[in-house]
Amino acid sequence: MDPNITDSVIIADSLFTWTPIIAGCIGGIIVFVFGKLWNSVSWKLTRPKLKVEFDKKTQGCVSYTTANRRPVVYIRMKATSYGRFAIAARGCRAYLTNIEKQNEKGEFESTAYCDSIRLAWSCQGPKPSEQFRSMDIPREVNQYIDVVSLLQEDNLFRLHLEVTPNRYIKLFQQTGTFLFTVHVHAENASPVKCKLVFTWRHAWDAGKNSDAFEALSYKD
């Protein structure tokens, strides 16, 4: 037998044996790469974006109501999630991360506040576990955050914190202009922040629109 023919047969058999294995490996690599690419594209398309804002002209941001027949004002921030193909923003939590106070020069400076304490979600159940729980925010659904409330004739403003350390009570009894910074975090969205300028004068009048306070949005 011609040795060249034998070598050719061996090579052909070898190629026949390895071709399915090589094809399988290439196919696996292609599937893996495209799978990674699809996951990346899908994540970017469906990942929600958070928006938190305050505008006193926006319905719901400044809310007048009563508690035990006494006038109460709630100052709230509006949180929404958006994106054309976005899923819900999961596990959203709001934190008060900073309180600054305006000095005589009109500049904001640090106060004793140095924590990051959860804020309450509006219109939840009476239990703290319901007000301060992590919340899913579906696309284009408004959810409000209770930041401050004022009860007529009280000598302090109330921040809707999960806990209120005693060391901050004197701060909350002060009058003046404060700058509140609120951060909102979610499990599947980038964190966002919103700032609110709150002036507390402690000078209620007899009408609904009191001169006791003023709330304005703030841009860095």
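The values are calculated or read from the model by the stated rules, or taken from the named source; none is laboratory data. Since we're looking at a predicted model, the values are computed, not measured. No Cβ is skipped: glycine too gets one built from the backbone with ideal geometry, and neighbour counts run over all protein chains shown.
What the table below lists for this structure:
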item: Selected residue (only one of Glu130, Glu109 is farther than 18 Å from Ser149 by Cβ and not hydroxyl-bearing (Ser, Thr, Tyr)); result: Glu109
item: Residue ID - surrounded by the fewest Cβ atoms within 10 Å (Cβ to Cβ), chosen from residues in the range 136-170 that are of a type in the set (Asp, Glu) and in a strand (DSSP E or B); result: Asp136
item: Selection from the range 77-112 of residues that are of a type in the set (Lys, Arg) and within 16 Å of Phe132 (Cβ to Cβ); result: Arg93
item: In the range 54-109, residue nearest to the chain's Cα centre (by Cα) [restricted to those that are among the aromatic types (Phe, Trp, Tyr) and over 20 Å from Ser122 (Cβ atoms)]; result: Phe85
item: Selection status of Asp115, in a loop (DSSP other than H, G, I, E, B) and at negative phi; result: yes
item: Members of the range 122-161 that are over 23 Å from Ser81 (Cα atoms) and free of Cβ contacts under 8 Å to residues at least 60 places away in the same chain; result: Pro126, Lys127, Pro128, Asp154, Asn155, Leu156, Phe157, Arg158
item: Residue list for the range 134-157, filter: at pLDDT below 90 and closer than 22 Å to Phe108 by Cα; result: Leu156, Phe157
item: Residues that are surrounded by 12 or more Cβ atoms within 10 Å (Cβ to Cβ) and either over 20 Å from Lys51 (Cβ atoms) or outside the structural domain of Ser63 (by TED's automatic domain parsing) (or both), drawn from the range 117-135; result: Ile117, Gln124, Pro128, Glu130, Gln131, Phe132, Arg133
